[in-house]
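The numbers here are math on the coordinates, done by the rules we state, and not lab data. Note that the structure is predicted; figures quoted are calculated from it, not measured. With ideal geometry, Cβ positions are generated from the backbone for all residues, glycine too; neighbour counts draw on all protein chains shown.
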Amino acid sequence: MDFEITWWTGSEPVDIRASRDQVVSAVKSALDDAGIEIPFPYRTLTVNAPIPVDIAAAQKPSA
């Protein structure tokens, strides 16, 4: 799901940062109030070939 949110703000960097914080907070609060959860992004990696693992080397204490 993608959101596109636009708003007007002052042109000074401090105005832009402050207004962005207010907008993100307002959107998050509205979603929370509506019971809508936005999950953390996740990535699934698929490996098409076996990966050799040396268990004995992994269990050795490091020096």
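Of all the numbered requirements in (1) surrounded by 10 or more Cβ atoms within 10 Å (Cβ to Cβ); (2) in contact (Cβ under 8 Å) with a residue 24 or more places away in the chain, F3 misses one, and that requirement is (1).
With respect to the stated conditions, G35 is within 20 Å of the chain's Cα centre (by Cα) and free of Cβ contacts under 8 Å to residues at least 60 places away in the same chain.
Those residues that are part of a loop (DSSP other than H, G, I, E, B) and among the β-branched types (V, I, T), I need them from the range 10-63; list them, please.
We begin by selecting, within the range 10-63, every residue part of a loop (DSSP other than H, G, I, E, B); these are 10-12, 34-54, 60-63.
Selection gives I36, I38, T44, T46, V47, I51, V53.
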